[in-house]
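For reference, the structure discussed in these notes is given below.
Coordinate-derived values only; no laboratory data. Fair warning: this is a prediction, and the values are worked out from it, not measured in the lab. When we count neighbours, we look across all protein chains shown, and the Cβ atoms used for this are built from the backbone with ideal geometry, even at glycine.
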Amino acid sequence: MRREPHTPRAGWNETIREQGLIYVDTELPDGGIMSYWDETAGYAFELDEVLRLEEATEELHRMSVAAAEHVVARNRYAEFGIPEWAAEAVARSLREQPPTLYGRFDLCYDGSWPPKLLEYNADTPTSLVEAGIVQWFWLEDTHPDLDQWNSLHERLIAAWHRIGRGLHEPTVHVAWSKEEEVTAEDQMTAGYLAECARQAGLKVELITIQEVGWDGRRFVDGADRPITTCFKLYPWEWMLTEPYGRLALEPGTPTTWIEPAWKLLLSNKALLAVLWELYPGHELLLPAYLDSPRGMSEYVAKPLLGREGGSVRIVTAGGTEISNPSIYGDEGFCYQEFRALPEFAGNRVVLGSWIVAGESAGVGLRESRSLITDGYARFLPHYIDAPRPS
């Protein structure tokens, strides 16, 4: 993997907005505006390298599912901050295997083997529009003869098609929260997933999570239509704190939720410690513990809950760096060995490896100036340095 400078396309800003990346402007602390999309450079991969990373991604997913099965079998919900009343519903969800769609592994990778797992965003990952659509069109415009590690769009449609075959009612509600109105990223992500479902032949109703109601027997939308299948861009950890949280997990409630409730176990940072316990010394993992740093001189304290990371505290030999204050409360931490994100031309990069229906589906790369990939990160496109298959 290497970082290559590129000349931005003429009119790139208008182009990416037309393709759905309307949340491109990031306001800086000094009041200035930074572009989230950055095509002044791109990352190049070798084909063999991508194939190996795909295998690693799928291995991490298999290990994570095995870890979830272990947690359920050993009744270790309390370590994940999951309330006792929700435990049976999580176990039932894992046992019955309702539909699951996608997730994203964030990896520390600098081009040398092996990559290291930082976290698994398994419930409500975003940065999907730029990874699945916008960077593909960048490739078409700039490197039309080369390939890209990117089958997200095709795999999402195929996954929705498989989901649709198992539904008694071919209508899917896709819900997002209107509380996230600053960037519209959630709305556009939900809209993109809804479009993939439509292309798979499903009837789709796009709603906000605030429109979901309860009529005494079932969940309904704002027009009192029954919600039989609902993809929600709203994390389970938040749903459990809502008044309807218990209803959503009741075995008699006729709603299939995507992602399913057992994804609570994969989106929780406690997963990192359970993985290290089950696979100690695995080349794709970093040491991680729940009770304490266990003598690690450099580590990251990650809140167990928190969508796509939340607040983290990095303790290094040179001092402590703290990200934005956590909005999730002091619900416990996972202590993971600190591994500095690789630096390319003064930028720290994290590799987001996507998985759809259990299979590797593509990559998105985000850069930050700091050790923490925060709200001021930038997304850079990539290509495979090999001809596109005919």
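Per-structure values
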{"quantity": "Zero-based 10 Å bins, Cα pair distances in segment 1-40, whole percents", "calculated": "26, 45, 28, 1"}
{"quantity": "Amide H within-cut-off set for residue 25, under 5 Å, with H built and near neighbours excluded", "calculated": "36"}
{"quantity": "Alpha-carbon centroids, segment 259-293 and segment 122-192: separation in whole Å", "calculated": "26 Å"}
{"quantity": "3J(HN,Hα) from dihedral phi, segment 234-247, Karplus parametrisation 6.51/-1.76/1.60, rounded to Hz, x for glycine, proline", "calculated": "8, x, 4, 4, 7, 4, 5, 8, 7, x, 8, x, 5, 4"}
{"quantity": "Amide H contacts of residue 386 (H built 1.01 Å from N, under 5 Å, at least 5 apart or other chain)", "calculated": "147"}
{"quantity": "If the convex hull is drawn through the Cα atoms of the chain, its volume per residue in Å³", "calculated": "145 Å³"}
{"quantity": "Rounded if a/c under 1.5, otherwise prolate or oblate - segment 47-95, Cα gyration tensor axes", "calculated": "prolate"}
{"quantity": "Separation of alpha-carbon centers, segment 12-84 and segment 329-381, rounded to whole Å", "calculated": "7 Å"}
{"quantity": "Amide hydrogen neighbours beyond the local backbone of residue 111, cut-off 5 Å, H modeled", "calculated": "none"}
{"quantity": "Most fluctuating residue given options 33, 157, 209, as computed from a GNM of the chain linking Cα atoms under 10 Å", "calculated": "33"}
{"quantity": "The chain - mean residue ellipticity at 222 nm from DSSP helices (-39,500 (n - 2.57) per run, n ≥ 4, rounded to 500)", "calculated": "-8000 deg cm²/dmol"}
{"quantity": "Paramagnetic reach from residue 88 in segment 234-263 [backbone N under 11 Å; point 7 Å along Cα→Cβ]", "calculated": "250-252"}
{"quantity": "Under the Karplus curve 6.51 cos²θ - 1.76 cosθ + 1.60, θ = phi - 60°, whole-Hz ³J(HN,Hα) for segment 131-140, x wherever Gly or Pro sits", "calculated": "6, x, 10, 5, 6, 5, 5, 4, 4, 4"}
{"quantity": "Farthest toward positive dipole pole in the chain [+1 Lys/Arg, -1 Asp/Glu at C-beta], among 373, 192, 229", "calculated": "229"}
{"quantity": "Pairwise label distance in nanometres, residue 282 with residue 110, each label 7 Å out on the Cα-Cβ vector", "calculated": "2.4 nm"}
{"quantity": "Overall form of segment 84-162 per C-alpha gyration tensor (a/c, 1.5; a/b vs b/c)", "calculated": "oblate"}
{"quantity": "Per-peptide average of other Cβ atoms within 10 Å, ordering 82-90, 371-379 highest first", "calculated": "371-379, 82-90"}
{"quantity": "Segment 147-211: C-alpha gyration tensor shape, a/c 1.5 cut-off, then a/b vs b/c", "calculated": "oblate"}
{"quantity": "Shape box of segment 164-243 [Cα atoms, principal axes, largest first, Å]", "calculated": "33, 32, 23"}
{"quantity": "In sequence order, calculated HN-Hα J values of segment 142-149 (Karplus, 6.51, -1.76, 1.60; Hz; x Gly/Pro)", "calculated": "10, 9, x, 8, 9, 9, 9, 7"}
{"quantity": "For segment 116-251, average projected area of the Cα convex hull in nm²", "calculated": "10.8 nm²"}
{"quantity": "Pairs of Lys in the chain closer than 25 Å at Cα, counting only those 8 or more apart or on different chains", "calculated": "13"}
